[in-house]
Amino acid sequence: MRTAVLTFPGSNCDYDVYQALKSVGGNPEFIWHRDTTLDTMDAVVLPGGFSYGDYLRAGAIARMSPIMEQVVTFAAGGGPVLGICNGFQILCEAGLLPGALTRNDTLKFESRDVWIRVENADTIFSGDYGQGQALRMPIAHAEGNYYADQETLDSLESGSRIVFRYCDPSGGDDEGWNPNGSAHSIAGIRNEAGNVLGMMPHPERAVEEVLGSVDGLGVFTSLVRQLNPAVA
């Protein structure tokens with residue numbers, strides 16, 4: 001198994017993702033945004049950061065990087081693609097996920113731990129979690145407010161495509177624990193085929209006890225287990 005960790009100008013979570021994948025046998029390799037092939041890769045991760053300084057819109061310029069043509073092709077062929085924070089924004093800009101990430105309703109950069117509930121434990125990115133499990137992970141974004149039209153939101157709900165949802169520490173619904181105003185308290189969604197996931201919280205920053213939580217580890221072990229059961 002080999003996992004591509006994409007690096008754009010302004011990425012700042014690529015090394016965190018690399019270490020998280022390495023710790024679970026994901027065999028990560030850095031792929032520069034100007035590269036034009038993913039031929040030997042089994043999975044792709046778009047990490048967080050501020051690609052191209054978030055000019056125009058977060059993820060809008062990164063979406064036009066040469067490597068993104070290969071990411072679109074890779075995803076269309078069923079390859080697993082994970083976008084975290086800025087990576088989620090890029091996936092929406094690229095049309096690989098519906099909707100958009102807009103300015104937080106607080107109009108502030110939010111950097112703190114949040115709680116998210118596993119809404120769908122039957123995906124390649126969440127299989128090591130329990131259905132309804134509450135997880136603590138950090139966020140760090142100014143544009144994490146998920147927006148989509150009502151038809152799209154209804155489709156996400158009916159198709160079990162909402163994988164993670166903001167919740168209170170007990171796993172209950174409480175809009176007061178929604179840190180950015182996201183519609184339906186959405187923290188992470190998958191595409192219709194199930195091989196592309198975007199999420200705003202940072203699982204790579206919650207993989208060691210010294211970091212305050214290991215709740216993010218399951219995202220990476222789930223992926224590795226799906227692709228190489230002998231390793232995970």
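What follows is calculated from the coordinates using simple rules that are stated; it is not laboratory data. Computed from a prediction, not measured in an experiment: that's the story for all the values here. Cβ atoms come from the backbone with ideal geometry, glycine included; neighbour counts cover every protein chain shown.
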Q: Give me the net charge of Thr152's neighbourhood, meaning all other residues with Cβ under 12 Å from the Cβ of Thr152; Lys, Arg count +1, Asp, Glu -1.
A: -4
**Q.** Sequence-separation-based contact order of the chain, relative, with Cα cut under 8 Å and 6+ spacing, percent
**A.** 20 percent
Q) Between Asp113 and residues 5 or more places away or on another chain, which pairs have amide H atoms under 5 Å apart, with H built 1.01 Å from N, and which residues are they? A) Ile139
Q. So between Glu175 and Ser158, what do we pick up on full extension, going 0.36 nm a residue minus the alpha carbon distance?
A. 4.1 nm
Q | Rounded to the nearest 20 debye, dipole of the chain from Cβ charges on Lys, Arg, Asp, Glu | A | 400 debye
Q.
Just checking my list (1) 18.9; (2) 17.6; (3) 17.1 against Kirkwood radius over Cα pairs in Å computed from this structure; which label fits?
A. (3)
Q | Relative contact order [Cα under 8 Å, 6+ residues apart], region 78-154, whole percent | A | 35 percent
Q: Would you kindly derive the ³J(HN,Hα) couplings of region 166-173 from the backbone phi angles with the Karplus curve 6.51 cos²θ - 1.76 cosθ + 1.60 (θ = phi - 60°), listing them in order in whole Hz, with x for Gly and Pro?
A: 4, 8, 8, x, 8, x, x, 6
(Q) 7 Å from Cα along Cα→Cβ at both Arg136 and Glu209: what's the point-to-point distance in nm? (A) 1.4 nm
Q: Please give the length that would be gained between Leu107 and Tyr147 if that part of the chain were fully extended, namely 0.36 nm times their separation in residues minus their C-alpha to C-alpha distance (nm, one decimal).
A: 12.9 nm
Q) What is the packing order of peptides 37-47, 102-112, taking the mean over residues of other C-beta atoms within 10 Å and listing the highest first? A) 37-47, 102-112
Q) Taking the Cα centre of region 3-227 as the origin and placing charges on Cβ (Lys, Arg +1; Asp, Glu -1), which of Val118, Trp177, Thr106 is farthest toward the positive end of the dipole? A) Thr106
(Q) Loop only by DSSP, 14 or fewer other Cβ within 10 Å of the Cβ. Give me the GluC sites (Glu not before Pro) in region 112-194 that pass, ordered by residue number. (A) Glu192
Q) How much length is gained if the chain between Tyr15 and Arg2 is pulled fully straight, taking 0.36 nm per residue apart and subtracting their Cα-Cα distance, in nm to one decimal? A) 3.1 nm
Q) Using alpha carbon centroids, what distance separates region 129-207 and region 60-99, in Å? A) 18 Å
Q: With runs of 4+ DSSP H residues as the only contributors, calculate the mean residue ellipticity of the chain at 222 nm using -39,500 (n - 2.57) per run, divided by the residue total and rounded to the nearest 500.
A: -6000 deg cm²/dmol
